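The values are calculated or read from the model by the stated rules, or taken from the named source; none is laboratory data. Because the structure is a prediction, the values reported are computed rather than measured. As a convention, Cβ positions derive from the backbone with ideal geometry for all residues, glycine included, and neighbour counts pool all protein chains shown.
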């Protein structure tokens with residue numbers, strides 16, 4: 001097995017420096033006794049697996065790890081050990097901040113300073129300049145690293161007021177909705193656009209497919225950007241770029257301009273899908289983060305289903321198809337203004353960078369710095385953690401492969417429905433573009449029911465977590481996936497055999513959306529949570545592999561949907577899709593029963609020994 005490299009060690013130190021519980025407030029004087037921090041110092045410590053180059057996450061900042069610094073320097077203890085029975089909310093569990101979508105971005109930060117210097121080690125050092133000799137090194141570089149001032153430090157985003165968190169959450173949720181809304185509003189204008197530019201409907205559908213393809217490629221930039229420079233800057237840039245490219249589509253004079261700008265609109269629109277969940281994990285603690293991420297996911301999936309009827313009415317009106325993009329641009333510029341004015345930086349390592357900058361200016365001590373400032377971009381590391389490892393995990397990890405196939409199928413069908421619904425409700429039932437988009441509300445209500453179902457089950461999950469000494473079991477996420485898979489398959493059969501002829505009232509296939517929407521949300525959300533829980537430090541690579549495969553399906557499925565439904569008929573095309581969905585239902589069942597044994601054989605999925613209970617500790 002490979003050992004941890006210099007990059008992982010540097011990133012681990014940056015994570016620890018960002019923890020609000022690192023230096024808890026204490027009335028006792030700080031000790032200067034140097035003592036190595038090891039796993040034995042904290043009963044809840046979890047050793048970081050060293051199966052390969054580990055992907056770090058600031059969510060794991062509460063995990064107590066062994067201190068290993070450059071030149072074997074160990075940080076001196078400067079505070080009392082955090083009491084396990086005490087009231088530190090941030091230190092409830094050693095795995096405190098790992099269970100969040102933020103780990104999607106982990107491992108994309110780039111190399112540390114050490115790896116950058118190693119490539120230049122053969123070059124002679126330049127002269128210091130001005131006839132000066134090189135000054136002596138700082139006596140102890142660790143003493144110049146800024147920290148949070150205890151768990152109640154107001155600088156830490158988790159200590160912001162609830163009112164502020166709700167305001168920022170609403171703004172970011174709105175921007176996410178805009179990006180998802182923009183992905184499908186173009187579908188209502190596909191036939192009109194095809195007629196205007198004299199191409200087939202399939203070519204016109206590329207306007208949707210290329211946008212979704214932008215969703216697949218965007219995280220390659222936005223994920224490492226958000227880890228290096230914080231959350232605010234990429235969100236500001238992306239909201240502005242997203243809005244500009246919507247206008248570019250609206251004023252495009254030829255088809256190639258429209259399609260290229262649609263892709264770039266999706267590329268910039270991928271930023272909120274990538275970064276907003278990370279902001280939520282920065283702001284919300286373990287008790288409330290699950291609900292916040294669920295609400296965020298509901299915005300992601302309801303957006304594509306809200307847009308078709310809006311786009312249909314706009315396209316039918318005197319405004320024309322170009323106003324479908326102008327409307328999205330206006331929504332985007334509103335999001336840009338709100339983010340520019342109200343959003344503050346929430347990524348803890350970058351918050352510490354700002355704190356260090358202020359201290360340097362006010363004290364004139366230029367050695368003061370944050371750990372994040374020691375990290376530099378390294379192209380090789382970025383390629384490794386964004387391409388090589390995700391692809392390797394996709395083809396060597398059964399959990400990643402099968403869950404990704406399942407989620408890709410679900411995600412592809414979400415966008416395939418943008419073609420299937422118009423065939424049923426506009427061609428068969430004779431509805432117009434606007435009214436023909438209203439049946440999507442069946443799926444929207446189904447997704448809302450799924451979100452409510454997951455939220456209702458959260459207290460039960462928290463009780464099991466507490467009973468297991470706050471050590472999560474990934475397979476606890478799968479019951480909702482199994483239930484959602486059965487509902488999704490049944491909804492497809494229902495839709496096909498009630499929507500293929502006009503004599504069956506339109507409300508019947510509309511109501512099938514309750515099952516399909518319920519299935520989409522419950523499968524997708526809990527499957528992502530399962531990957532995060534199962535792979536922890538490698539969750540970034542697992543999610544990257546999943547995102548790559550499902551975005552390809554989301555882009556490709558709409559291209560053959562028309563041929564499939566017209567050639568096979570609505571009933572048989574839906575039957576085929578329903579059978580595939582039914583075949584995939586056993587996948588989460590298998591993982592629910594055998595997942596722990598599969599993870600034991602994995603090179604990437606960490607397994608942890610049972611944490612001793614309080615009675616066990618007393619016996620010792």
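Structure summary
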| read-out | value |
| --- | --- |
| Test result for residue 190, at pLDDT 85 or above and either crowded, with 24+ Cβ neighbours inside 10 Å or touching a strand residue (DSSP E or B) at 6+ places or on another chain (Cβ under 9 Å) (or both) | yes |
| Residue 415 at pLDDT below 90 and either surrounded by 17 or more Cβ atoms within 10 Å (Cβ to Cβ) or within 20 Å of residue 494 (Cβ to Cβ) (or both) | yes |
| Complete set of residues in region 268-291 that are part of a helix (DSSP H, G or I), over 28 Å from residue 211 (Cα atoms) and touching a residue at least 60 places away in the same chain (Cβ under 8 Å) | 282, 283, 286, 287, 289, 290, 291 |
| Residue match in region 242-254 (condition: modelled with pLDDT under 85 and assigned to a helix (DSSP H, G or I)) | no |
| Hits in region 574-609 - residues which are buried (at least 20 other Cβ atoms within 10 Å of the Cβ) and over 27 Å from the mean Cα position of the chain (by Cα) | 574, 577, 578 |
| Residue list for region 495-528, filter: in contact with a helix residue (DSSP H, G or I) (Cβ under 8 Å, 6 or more places away or on another chain) and free of Cβ contacts under 8 Å to residues at least 60 places away in the same chain | 498, 504, 508 |
| Of all residues making up region 485-499, the number that are surrounded by 20 or more Cβ atoms within 10 Å (Cβ to Cβ) and more than 35 Å from the chain's Cα centre (by Cα) | 2 |
| Test: residue in region 527-548 that is surrounded by fewer than 23 Cβ atoms within 10 Å (Cβ to Cβ), in the same structural domain as residue 404 (by TED's automatic domain parsing) and not in a helix (DSSP H, G or I) | no |
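Conditions tested, residue by residue: (1) touching a strand residue (DSSP E or B) at 6+ places or on another chain (Cβ under 6 Å); (2) in contact (Cβ under 8 Å) with a residue 24 or more places away in the chain; (3) farther than 30 Å from residue 413 by Cβ; (4) surrounded by fewer than 18 Cβ atoms within 10 Å (Cβ to Cβ).
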position	(1), (2), (3), (4)
315	no, yes, no, no
361	no, no, yes, yes
364	no, no, yes, yes
368	no, yes, yes, no
